[in-house]
Amino acid sequence: MAQSGRPGQFNPGDMEIPKIDKKFVYPVVGVILIIWLLLSSVYTIDADKVGVIQRFGRYTTTTGSGIHLKIPFGIEKVTKVSIKNNYKQEFGFRTQKAGVRTQYKTGNYLAESAMLTGDLNTATVEWIVQFQIKDPIKYLFKVRRIESTIRNVCEAAMRAIVGDKSVDEVITIERELISTEVAALMQTLLDEYETGIDVITVNLQDVNPPKAVQDAFNAVNEAEQEKERIINDAQKAYNKVIPLSRGQALKKISQAEGYAINRVNRAKGEATKFMAIYKEYTKAKEVTRRRMYLETMLEILPNIKDLYIIDEDQEGILPLLQLQKGKDSK
Amino acid sequence: MKIAQAGLSVLVFLIFIIANSAFYVVDETEQTILLEFGRPIGKTVTEAGLHMKVPFIQDVQRFEKRILEWDGDQNQIPTEDKRFILVDNFARWRIKDPLLFYQSVINETGAQSRLDDIIDGVTRDIITQSRLIEVVRTSNRIMMATGENESGVVEIKDIEQVKRGRKEIARDILKKANEIAPKYGIEIVDVQLKHINYIESVRQKVYERMISERLRIAEKFRSEGQGERARIDGQREKDLQAIESEAYRKAQEIIGKADAEAISIYAESFGRDPEFYSFVKSLDTYKKTLKDNSTLILKTDSDYLRYIKRQTR
């Protein structure tokens, strides 16, 4: 076909171009055209996505998952938007590689995490936000660069909430509450901008006092522990002494009671004994008296070592006694 | 008819060229104005779809219809109470009047630098007129702090009250900025204070204050512990004394009562005949006291020996 022209440059024997029969050209072109037509008019949407259809740039409809037809040649354009996917943004840190042992990028994200608290202290807060596209039309057509909008809104919302809490509330007391409050505030702002974004969760990760202050915060915890320990020690010392002394007190009382019983019983016994003797005594006073006296003497006298009998008229008995004593000791 | 066929081809081609220039597509994300020989003539189109213009003479200038971002740089601003803070804010804006926008700032780059001027300036004005607490806090909600009483939390009392708060300051910035922005065909949708932080030198001071505050609380805990220990120690001594003295008192009472009862028992029985009692008791005493080593001297006129001298009385 192109062999005419300069014969010196082309050797017809080298290039054997197969002759194409003219009647095949049109069907082949036709088939190619049909394939192109099909490709540009058929599209599929995955299960987790929707297709947003624009005709001449204007939004017409949204299609669900499956195979669909559209007007070809760029008249209708389809944009696929994932509506089931959870997107995540990290603040104050970056995950480098998620896994069993997640690795975090080292780097300084203090600009994101450092913030002022309501008592004009500072805290560093790290958190994540998860969100979904709930309205693909707003998502595509209302706001440009939604990711950066979400990040900015989230940072502003976190600071607005943290700015109204004391550092203690941020770190411990109201930690749980912050997530929900930030999520709510974020949602309000994102709705105001018509982003079509649905905030699923806000999760606080590490919430800490600034590094320079952490030791002092730990000192408070230690002091709290120490306080408990001191109190326990004192309680221990108390417990060591008081129950023992209660027991000892009961012992003393019991001893006194024992004494009392003993004393009264003895008194009663002696009284009864006396009364018994007295009863008999009254029957024959003189005789009984004498008998008792003599019986007693009988009992005593055999045991007496020295018995002296002195006549009442006798005088000067004492020297004699002394003499006797000196003899004994020799 | 070769010529007719060629003419038809040319005509079709021409129609295609003209149609291509007469129709234009506006996307949902766009708004357009028309330029005539490069001169803007307005005819703003915000509706997406297929539109017509005069071919060849008019050109389409496209602008964003979506909300656009503006992210400011960090600025060091003193507050009304003379504290230096770093303020970083962001805004969302849109092209409200594309024609005016094109005439005054031409494109987004021009708009960004204009927004820098407007928002940074307004922010500076408003923050220098506000106290730091107004910029940080939103409301006067009561805040709690750790551990200065039994329940572990206590209300923070000595804190400045907020009159306007962060939200209103942001709203003021937005309002003021929107007084200027319309002349560039721009509408600012929202301004938010993103970062607010102390400058480095102030930050160190704040850390020092936070440290001393913590140490104060720690000291409080420690002294609370020691105080409690002293209290328990005191209680221990008191209880000990009470228990011991109570026991002593009770014991003495019991003993005294028993003694008294014994006395009354004795008195009742022995009182019948005191003389006989002393007789009996004396005999008893003799038995007990006059033992092996005793020396007894008896006179012959004693009761016992009275018969030794005389047989009769």
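The values are calculated or read from the model by the stated rules, or taken from the named source; none is laboratory data. Please read all numbers here as calculations on a predicted model, not as lab measurements. Don't worry about glycine lacking a Cβ; one is built from the backbone with ideal geometry, like all the others, and counts go over all protein chains shown.
Checked against the criterion of being out of contact with any Lys or Arg (no Cβ under 9 Å at 6 or more places or on another chain) and closer than 24 Å to B:N140 by Cβ, the candidates B:I169, B:I211 yield just one match: B:I169. Taken over segment B:68-96, the criterion of being in a loop (DSSP other than H, G, I, E, B) and crowded, with 20+ Cβ neighbours inside 10 Å is satisfied by B:T79 alone.
Looking only at residues in segment B:210-232 that are more than 7 Å from chain A (Cβ to nearest Cβ) and at pLDDT below 90, the one that is nearest to the chain's Cα centre (by Cα) is B:E213.
Collect the residues in segment B:98-129 that are over 35 Å from the mean Cα position of the chain (by Cα) and among the hydroxyl-bearing types (S, T, Y), keeping them in residue-number order. Selection gives B:Y102, B:S104, B:T109, B:S113. Do the conditions hold for B:V162, that is, is it modelled with pLDDT under 90 and at the interface with chain A (Cβ under 8 Å from one of its Cβ atoms)? Considered against the rule, which asks whether it is modelled with pLDDT under 90 and at the interface with chain A (Cβ under 8 Å from one of its Cβ atoms), B:V162 comes out as no. Being assigned to a helix (DSSP H, G or I), at the interface with chain B (Cβ under 7 Å from one of its Cβ atoms) and either in contact (Cβ under 8 Å) with a residue 24 or more places away in the chain or polar (S, T, N, Q) (or both) is the requirement here; does A:S254 meet it? No: the conditions fail for A:S254.
Residues that are part of a helix (DSSP H, G or I), within 13 Å of another protein chain (Cβ to nearest Cβ) and without any contact (Cβ under 8 Å) to a residue 60 or more places away in the chain were ranked within segment B:124-144; the one that is farthest from A:D164 (Cα to Cα) is B:L132.
Can A:F217 be described as buried (at least 18 other Cβ atoms within 10 Å of the Cβ), under 30 Å from A:I128 (Cβ atoms) and either within 7 Å of chain B (Cβ to nearest Cβ) or of a type outside the set (D, E) (or both)? Against the criterion (buried (at least 18 other Cβ atoms within 10 Å of the Cβ), under 30 Å from A:I128 (Cβ atoms) and either within 7 Å of chain B (Cβ to nearest Cβ) or of a type outside the set (D, E) (or both)), A:F217 qualifies. Here is a check on your reading of the model: is A:G99 more than 30 Å from B:I199 (Cα to Cα), without any contact (Cβ under 8 Å) to a residue 40 or more places away in the chain and either among the basic types (K, R) or in the same structural domain as A:D164 (by TED's automatic domain parsing) (or both)? For A:G99, the condition - more than 30 Å from B:I199 (Cα to Cα), without any contact (Cβ under 8 Å) to a residue 40 or more places away in the chain and either among the basic types (K, R) or in the same structural domain as A:D164 (by TED's automatic domain parsing) (or both) - is met.
On the given criteria, is A:V52 closer than 16 Å to A:T195 by Cβ, part of a strand (DSSP E or B), more than 14 Å from every other protein chain (Cβ to nearest Cβ) and touching a Phe, Trp or Tyr at 6+ places or on another chain (Cβ under 9 Å)? No, not satisfied.
Looking across segment A:181-209 at every residue that is within 21 Å of the chain's Cα centre (by Cα) and closer than 28 Å to B:E213 by Cβ, the one that is nearest to the other protein chains (Cβ to nearest Cβ) is identified as A:P209.
Taking segment B:232-244 as the range and being among the charged types (D, E, K, R) and touching a helix residue (DSSP H, G or I) at 6+ places or on another chain (Cβ under 8 Å) as the test, the residues that pass are B:D233, B:R236, B:D239, B:E244.
Only residues that are part of a strand (DSSP E or B) and either away from chain A (no Cβ under 12 Å) or surrounded by fewer than 18 Cβ atoms within 10 Å (Cβ to Cβ) (or both) were counted across segment B:36-57, and they come to 10. Just to be sure, is B:G7 surrounded by 14 or more Cβ atoms within 10 Å (Cβ to Cβ), farther than 25 Å from A:E192 by Cα, of a type outside the set (F, W, Y) and free of Cβ contacts under 8 Å to residues at least 12 places away in the same chain? For B:G7, the condition - surrounded by 14 or more Cβ atoms within 10 Å (Cβ to Cβ), farther than 25 Å from A:E192 by Cα, of a type outside the set (F, W, Y) and free of Cβ contacts under 8 Å to residues at least 12 places away in the same chain - is not met. Restricting attention to segment B:267-313, the residues that are under 28 Å from A:K283 (Cα atoms), at pLDDT below 80, of a type outside the set (D, E, K, R) and not in a loop (DSSP other than H, G, I, E, B) total 1. Of everything listed in (1) surrounded by 13 or more Cβ atoms within 10 Å (Cβ to Cβ); (2) more than 26 Å from the chain's Cα centre (by Cα); (3) touching a residue at least 12 places away in the same chain (Cβ under 8 Å); (4) within 24 Å of A:S179 (Cβ to Cβ), the single unmet condition for A:I71 is (4).
Looking across segment A:262-312, the residues that are at the interface with chain B (Cβ under 7 Å from one of its Cβ atoms) and among the aliphatic types (A, V, I, L, M) come down to A:V264, A:A267, A:A271, A:M275, A:I277, A:M292, A:M297, A:I300, A:I304, A:L307, A:I309, A:I310. Taken together, the residues in segment B:270-308 that are of a type in the set (D, E, K, R), more than 7 Å from chain A (Cβ to nearest Cβ) and more than 15 Å from A:I277 (Cα to Cα) amount to 2.
Of all residues in segment A:258-304, exactly one satisfies the criterion of being closer than 30 Å to B:K250 by Cβ and acidic (D, E), namely A:E270.
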